[in-house]
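*Asks:* Sending over a structure as structure tokens; questions will come in a sec.
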Amino acid sequence: MVIRRLKTYTSESGNVYEYYFVGKRPALPDEALGPATEFIFDVRFSSQPTLALSIFLREEIIERWQSQNGRNLLEPEQYALAKMKLFQAFDETENLGEAGRKLTLQAEELEYFLLELGIG
């Protein structure tokens with residue numbers, strides 16, 4: 001039995017989100033955002049039903065960063081990037097359910113988030 005740790009995040013607007021990490025997997029072959037690693041979170045806000053939200057880290061962006069920096073991004077670092085993208089969505093998206101349940105980390109966000117995390 002898997003016990004998931006429910007976490008909370010208070011967004012810049014003051015909204016409080018509850019979320020937990022479901023898991024990660026390679027993006028499905030028919031996924032337009034692939035090839036990528038898909039990080040899946042279950043998210044709930046207020047009295048809204050829980051929704052599954054996927055964060056995609058595209059392989060080409062990760063590989064480009066690794067080539068430029070001469071080292072691999074470790075799995076915990078990739079997870080941290082996915083969480084930063086999730087938090088950005090909490091801060092900047094008024095209604096996650098309507099905005100879409102698939103988010104992709106962009107190259108410029110990767111650099112910004114890594115600086116925020118002190119990784120480089």
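Values quoted throughout were computed directly from the atomic coordinates according to the rules given, and no laboratory measurement underlies them. Note that the coordinates shown come from a computational prediction; the quantities given were computed from them, not determined experimentally. Heads up, the Cβs are rebuilt from the backbone with ideal geometry, glycines too, and the neighbour counts pull from every protein chain shown.
*Asks:* Taking H placed 1.01 Å from N in the peptide plane, check which residues at least 5 places from THR104 or on another chain put their amide H under 5 Å from its amide H.
*Replies:* Answer set, sorted by chain and number: PHE56.
*Asks:* Now for a separate question. Name the GluC sites (Glu not before Pro) in segment 4-52 that are in a loop by DSSP and that have at most 12 other C-beta atoms within 10 Å, would you?
*Replies:* GLU12
*Asks:* Given springs between every Cα pair under 10 Å in a Gaussian network model of the chain, which of SER11, SER47, SER67 has the largest fluctuation?
*Replies:* Maximum fluctuation in the GNM of the chain, among the listed residues, is at SER47.
*Asks:* Here's another thing I want to ask about it. With a cap of 15 neighbouring Cβ atoms within 10 Å, and only residues DSSP puts in a loop, list the GluC sites (Glu not before Pro) found in segment 51-120.
*Replies:* When the GluC sites (Glu not before Pro) of segment 51-120 are filtered for loop state and at most 15 Cβ neighbours within 10 Å, GLU94 remain.
*Asks:* I would also like to ask the following. Going Cα to Cα from LYS7, which lysines come in below 18 Å? Please leave out same-chain ones fewer than 8 positions away.
*Replies:* Reachable lysines: LYS24, LYS83, LYS85.
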